[in-house]
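Just below is one structure, and these are the notes that go with it.
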Amino acid sequence: MALNKKIYLFLFLSIAWAAMIFYFCTIPSNKIPKLEFRYMDKLAHFGVFFVQSVLLSSVFSLRIRKSYFAIIFLSTLMIFVYGGLIEILQDNFFNRRGDVYDLIADVTGGFFGAMFFPAFIRLYNFLFGKKNK
């Protein structure tokens, strides 16, 4: 796949995933099923922001080609800003309660997603890379 197509693919996936996160974080809490596991909501925050960070790291890696540490920093910073904005919006504009522990779960998931990014690239190249014949 050409480089520009990869950039646009991961950018589209990242934006679509961010929109999905925004939707689920802003719907009224009474429309969200109650979870049996005590900290399931924190695990959910960790998981969705983990995926978002992997997608962001992919875009950064293809587009700006910074060092691995710069990609980790940028991805984690963007997750912090986006997660923080969602928590502020929940508290002020939606019938939800913003929670600092949700933000901690968001940033932790984002950091680990950025750390996992090199393994994702290897897996992506293994599955979709050009095959030698």
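If I take every Cα pair under 8 Å that is 6 or more residues apart in the chain, average their sequence separation and divide by the length, what percent do I get for the relative contact order?
34 percent
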Quiz item: Whole number please: convex hull volume per residue of the Cα set in the chain, in Å³?
Solution: 122 Å³
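According to the square roots a ≥ b ≥ c of the eigenvalues of the Cα gyration tensor, what is the shape class of the range 67-133, taking rounded for a/c under 1.5, prolate for a/b larger than b/c otherwise, and oblate for the remainder?
Values: a/c = 3.78, a/b = 2.63, b/c = 1.44.
The shape class here is prolate.
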Exercise. Compute the Cα gyration tensor for the range 11-57, then decide on rounded, prolate or oblate, letting a ≥ b ≥ c be the square roots of its eigenvalues: rounded whenever a/c is under 1.5, prolate when a/b is larger than b/c in the other cases, and oblate in all that remain.
Key: oblate
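Given the -39500 (n - 2.57) contribution per DSSP H run of 4+ residues, what per-residue ellipticity at 222 nm results for the chain, rounded to the nearest 500 deg cm²/dmol? Working shown, then result.
Numbers: 4 runs with 102 residues, N = 133.
Per the formula, -27000 deg cm²/dmol.
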Exercise. Write down the accessible area per residue of the range 2-133 in Å², having rolled a 1.4 Å probe over the full set of protein chains.
Key: 67 Å²
Quiz item: For the chain, with only Lys/Arg (+1) and Asp/Glu (-1) charged at the beta-carbon, what is the dipole magnitude about the Cα centre, in debye rounded to 20?
Solution: 880 debye
Quiz item: Roughly to the nearest percent, how much of the accessible area of the chain is carbon and sulfur, given a 1.4 Å probe?
Solution: 70 percent
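Would you please classify the overall shape of the range 15-86 from the alpha carbon gyration tensor, given that a ≥ b ≥ c denote the square roots of the eigenvalues, rounded means a/c under 1.5, and beyond that prolate means a/b larger than b/c while oblate covers the rest?
Working: a/c = 2.87, a/b = 2.20, b/c = 1.30.
It is prolate, given that a/c is not under 1.5 and a/b is the larger ratio.
Could you list the square roots of 5 times each eigenvalue of the Cα gyration tensor of the range 46-101, that is, the equivalent ellipsoid semi-axes, sorted largest first and rounded to whole Å?
Values: eigenvalues 144, 19, 16 Å².
Rounded to whole Å, the semi-axes are 27, 10, 9.
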Quiz item: Cα axis of helix 3-26 to longest principal axis of the chain: angle in degrees, 0 to 90, nearest 10?
Solution: 10 degrees
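Tally Lys/Arg at +1 and Asp/Glu at -1 over every other residue whose Cβ is under 12 Å from the Cβ of Tyr101; what's the total? Don't skip to the answer; put the middle values down first.
Numbers: positive: Lys42, Arg97; negative: Asp41, Glu87, Asp99, Asp102, Asp106.
That sum, taken over residues with Cβ under 12 Å, equals -3.
The values are calculated or read from the model by the stated rules, or taken from the named source; none is laboratory data. On a predicted model such as this, the values are computed, not experimentally measured, just so you know. FYI the Cβ positions are ideal-geometry reconstructions off the backbone, even for glycines, and counts take in every protein chain you see. Accessible surface is based on the protein model in full, side chains and every heavy atom, while ligands, DNA and RNA are left aside. Shrake-Rupley method; radii C 1.70, N 1.55, O 1.52, S 1.80 Å.
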